[in-house]
Each structure stands twice: as structure tokens, then as C-alpha cells.
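The values are calculated or read from the model by the stated rules, or taken from the named source; none is laboratory data. This structure is a prediction, so every number in the text was calculated from the model and none was measured. Virtual Cβ from ideal backbone geometry, glycine too; neighbours counted across all protein chains shown.
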Amino acid sequence: MALFLVLIAAGCAAPIRPSLAVLPIADPTPSAPRPITFPRDESPHDSLSEWWYYTGHLDTESGAHYGFELTFFQAVRGQNPVGYAAHFAITDPAGQRFSYEERLDKSLRVQGDGSYRLKLGDWQIGGDGADHYLQASGKDYSLDLKLHSLKPPALHAGKGWISFGPVGDSYYYSRTRMELSGSLGQAGKAEQVTGLAWMDHQWGDFILVNGGGWDWFSMQLGDGTELMVTVLRDQPGSVSAMYGSLVDREGGVTELRASDLEVEATGSWQSPHSGVSYPSGWRLRLPNQGLDLSLEPVLRDQELDTRASTGVRYWEGEVRANGSRNGAPISGLGYVELTGYAK
């Protein structure tokens, strides 16, 4: 499902510095869904909310392992200025270190015509069909990657269209298995990396204000399959909706409904920075698919304070998965996003 941060931020009090949280709230405009078309729909749309969201797992030539997140947001409010934000994070499990950056701007360099290229300062993302690239740099790390999608885009909820009722509707697809190569810079030195990435693209005329939040899971498993699960919560904290997708080795997508999913938190973690308590550790079961996974963060502290750009704190981190499929051992890596816990 990727991030709804821009949407939640629209209903938050403005932080000290301007952010997307101060954009005016707009009413979603109902519309009939149209088929998603590639490469046209990789590029920006004139929608209230949109983001391009990459996470992944890096292995260096020297044997070190890292996780990463790079996300671009776009928010459109009628005739009001368009707002843009971006988040960049690196997880270093061996070094027990989590580093993140955020950016905010009202201008973005955009190109379309069969491919998309977005640039916010010296941060860039782009794609041309199955081939994408990412570039970002911060005070601690820099990233320069080329990605190639090994499977066709996975359209969620059947046709890539999800209705949220009165708050609007959303298009949503993922590139669930992208092989990557490039470099990771740290302390003035760059190492060559390889690994796997996941890309989400979501857009539409939808706004969620004063919502409860969500838990989002993306898993890349060792047998060549992928899993996305989203758990939505209302303001009191009860589960209001649950859905997902299971992608097979060839790229076929099985739609998952609430009755197909069992999600349970197995632990918790309290942030020493914000005092916010988050779930930490989960069990995901798909009984009809014979899949039973236990997820654990590679690092407990993967909290981002992005009030300066999107108005919220959230937890977004790399996790390891171990479990079984139809009785056979299975493992993998993934990312989990937790929002709505910092009130």
C-alpha cells in the first residue's frame, strides 16, 4: 500500500517548519476506474495524492548488508501550489545504525513521454519500462542504483484499483522483484552493491484525515514469490480493513482478502526519541496458501521523524522472515511500515 503520510498529514497540526501538512484539504472527486497502462502511468498524474516508493536490500562486495528506502511524494490541491517531499533512509544491521533524511519543495523537475524522471534537488528517481534508477545523498550515506524489474507490475485488488469509500479511490501497483546494482557511499568511500528492490506506485483523488493508521508489509521470499499485506486501523485502533497480494514466481497475482489473512504482533518497542510504542515482530499466516511467517526487524530503531516534510512520525524498517510454506522451510527479507501510532 505504501505511504499515506501525505494524506494523514493534511489533517495534522502544522509543524514548526512548513510541510505538506499545511496543504489545504480537498474533497475527493468520484470517478470510474480506467485500465492502468504502461509506461504512461509510471509518470505523474493530476491527482490529489501520489507517490513513488522504493525499498530494498543491499549486499556490498565486502560482505556487508544494508536496507534502504527512497520515496517521492506529490500532493495536488486544485489551483493551489503542488507540494513535493522525499525521504531517504539507510539501515545498517551490523553497525546497529539507522540514518534518514527528508526534503521538501514546491517545485520538481519532471519528464514524461514514455518514461518518468523526477528530481528533487540532487535526489532523483526514474524509470523506462522495466529499468529504473535511484540517486540520493545525505550527511551519512549516498546511493546510486540501477534496477531491473524481473516480473511485470503487480496490480493490486485485481485491476490495480482500490476504493476507500467516501474518502476516495486509489490506483496501486507494485514492481515486487527488481534486481539492482550500483554503489553505496559512506564516509567518503563507495562500495559496489547488488541486491533486490521493491517499488510501489500509488495515486488517486483520495484523502484520509484523522485516520487511525495502517501496518504495511512487503516480503520477498527465497522461493521467488512476494507478499504484500495491508492492515488499516480506525481512530480507536481497531482493524477496519485488511487486504493483500501474493505474487507467484512467474508474476501471477492472487488477490488476498481479510478472510485469507491472519496478522498478529508478537512484540513491541518504545522509541527513545519520541516515546511512541510500536509493534515489533509479527506473525503472518495465509492458511489457504499454507504460508506461515515470523517477521523480526533487523534493527528495532527504524523510526523516522518527518514532521518537517510530511507532518508525521512513522516506523519504516527492514525485517527478516522465517517460516514455512506447506511444511517446507522458507525465509526472506522485507519491509514494514507503521503509521498512526504517534498521535
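Evaluated against (1) on the phi > 0 side of the Ramachandran plot; (2) hydrophobic (A, V, I, L, M, F, W, C); (3) at pLDDT 95 or above, A190 falls short on exactly one condition, (1).
Among the residues of the range 233-265, count how many are surrounded by fewer than 19 Cβ atoms within 10 Å (Cβ to Cβ), over 18 Å from I162 (Cα atoms), modelled with pLDDT of 95 or more and not charged (D, E, K, R). Number satisfying all stated conditions: 3. What number of residues in the range 310-326 are outside any strand (DSSP E or B) and touching a Ser or Thr at 6+ places or on another chain (Cβ under 9 Å)? Qualifying residue count for the region: 2.
Looking across the range 310-334, the residues that are at pLDDT below 95 and out of contact with any Asp or Glu (no Cβ under 8 Å at 6 or more places or on another chain) come down to G311, V312. Here G165 fulfils each of the conditions (1) at pLDDT below 95; (2) over 17 Å from the mean Cα position of the chain (by Cα); (3) buried (at least 16 other Cβ atoms within 10 Å of the Cβ) apart from (3). In the set (1) over 20 Å from the mean Cα position of the chain (by Cα); (2) outside any strand (DSSP E or B); (3) among the acidic types (D, E), the condition left unmet by D301 is number (1). Hey, any hits in the range 179-192 for a residue that's closer than 30 Å to S277 by Cα and either in contact (Cβ under 8 Å) with a residue 12 or more places away in the chain or of a type outside the set (D, E, K, R) (or both)? No, the range 179-192 contains no residue that is closer than 30 Å to S277 by Cα and either in contact (Cβ under 8 Å) with a residue 12 or more places away in the chain or of a type outside the set (D, E, K, R) (or both). No other residue among R307, R283, R300 is under 25 Å from G212 (Cβ atoms), modelled with pLDDT under 95 and not hydroxyl-bearing (S, T, Y) apart from R307. Within the range 266-318, the set of residues being surrounded by 18 or more Cβ atoms within 10 Å (Cβ to Cβ), under 19 Å from L227 (Cα atoms) and in contact (Cβ under 8 Å) with a residue 40 or more places away in the chain comprises W282, L284, L286, L291, L293, L295, V298, E316, G317, E318. Filtering T230, T254 for residues that are under 30 Å from A85 (Cα atoms) and in contact with a strand residue (DSSP E or B) (Cβ under 6 Å, 6 or more places away or on another chain) leaves a single hit, T230.
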